[in-house]
1. For region 403-558, what relative contact order do you get, as a whole percent, if you take Cα pairs closer than 8 Å and at least 6 residues apart?
2. For labels at residue 278 and residue 527 in the simple 7 Å Cα→Cβ model, what's the distance in nm?
3. Kindly put 201, 178 in sequence by how many other C-beta atoms sit within 10 Å of each C-beta, fewest to most.
4. Could you work out how much longer the chain between residue 251 and residue 696 gets when fully extended? Use 0.36 nm per residue separation minus the Cα distance between them, nm to one decimal.
5. Among 551-557, 109-115, 381-387, what's the highest-first ranking by average C-beta atoms within 10 angstrom per residue?
6. Just order 537-545, 147-155, 394-402 by mean Cβ neighbour count inside 10 Å, highest at the front, would you?
7. Any idea how far apart residue 267 and residue 466 come out in nm if each label point goes 7 Å out from Cα toward Cβ?
8. Using the Kirkwood formula on the Cα atoms of region 425-542, what hydrodynamic radius do you get, in angstrom to one decimal?
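Computed from the coordinates by the stated procedures, all read-outs in this text should not be read as laboratory data. Given the structure is predicted, the values throughout are model-derived calculations rather than measurements. Reconstructed Cβ throughout: ideal geometry from the backbone, glycine too, with neighbour counts over all protein chains shown.
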């Protein structure tokens, strides 16, 4: 039986020939060296075969600004909300890195950096002797330039999603070393030493958790900028590159080794004449733990605390906006690697006040399981000020089994990361009043009301309804006949809303809602004319809307009729400082200012101050209050209102996951039992707490001059410029899903 042939081991002579090839490569810059790589010289050497195709280095981008960089999101006051990254890096120019740090990294990684031309010949010879002659541990011998090349090749491979290229960029082979050397020599011809040092300091890994670059390391370990790093801090960071995970000083079990390696760097700096003996003596005796000031490296909305739900809204807006890339994957990559500075509309005071009010109203762990959802927006600007919910933001699997946690932002539309919205109940009724006045009618006109309305009365345009009656009544039953639209709003009577709609047609109300900024929350049916919302019960709030949309509707009423599209960002710049277009508010005069003022008058004089059902919303210090409460049967409790040109807010309370089965009937909430709940009992206190807290925090002046009604809308006869009962429009097929239901939507 024959024996297997032994694998031929590398002889010293063969190893030496490779070292000489390295040196020739270094000295000649690749011209003569390329002759050594042809098969005639190496024969059938497999190393040569591996090296030859690797000499093509075109297409490699060594521009330091092209490196993946963290993106940052800021509140309106400039405070940081969150960072996003695939590699946690902030690129800085070499002028913004302290001299100590520059010296430390050169001493640690490449003492002859300023002398060689890309490849350290002495280092290569030393590594060869240590590894192949003396048979000691493998020595690298790589210059700082070579290490930069290796890192760039690895980053490019990750960017190209090429795991094979990433493997070859770091494999322990002669071929990889030769390629690295060739590129390093070429780099030294193209870039200055400071530029190469700058590149290395920005690309190198200086810790675990994807921590890259000297600026990020300085902030992580010492809470300073790279330009302010002192000797001890610099030596600590320079030592980490040897083993980024094992020498990360933020990990307690690493700190002894980290201090030892730091001291080695200090000794190298002393031996190389980069620091004085006195500096060394002082620095080496300082305990590592006394120098640290560890900062959090948590990223994304998960670490944004109270601002997490707003953060998720902004990121979803970015991922949905073509301005940030052609595809969602492109946009996600830009967010994680593009070095964006995202300036948002979030007011820290508003967001904190909303979160506090939500949690004070119902604790997250309350057995009722009810959510308190608050959205706030600034009238006339579209600027979303903040969100509140009695939940902790958590996008991990832990949220699935913990009712106190969620990553769902129930305050926004489904397309923006929210749910299906809430049925808004009587908070819809000011929309009916706007539509009524738009048809030239007076809010003091006496209307005949009933508990039964033919659905054909609501026909309009191309829409016709089933030939049946809609049974509707007020809270407690029955109707009040006659009653004016103003009285119907004050008392929140459903039958009066039905009477108004039967006279002007449902299209007038849908058009008014759209003008005010209303749309449905479900992404499949956002249009108010969608079959699941465009029906008679819409007039008493049987629609699915997000709290933010309803806050925006009231914002239009509080901005003299100027409607805006909600916006979360005011400005975004990329890593080069260039502006990226962001979605605009498109503010415009949506309804007549006289109609906005008259509706505000009705909300204040009637609903709040004249004993109306929203009297409990009255704000502190005699501030004129414009608000409306609502109750959607036994599933949602609601309150909406605004302070003109300052803030509009909407509060919804209910079980957002299962409102149908987890109702308010005979419910104990935050220790209080009621057999029957209304919006004024629970949504109103939350709304009022938020408004008062926020207004006090920003010292909002009291201006009680808003809400001046137009006389023509107050006269009993009305102006009746156009009476728009559309009953006799062309017959159309009954719209699918428009079968009306008997619903009690009165707000209390």
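1. 33
2. It works out to 8.1 nm between the two label points.
3. 178, 201
4. Length difference between fully extended and current span is 155.9 nm.
5. My ranking of the peptides, most packed first, is 551-557, 381-387, 109-115.
6. 537-545, 147-155, 394-402
7. 8.9
8. 14.1
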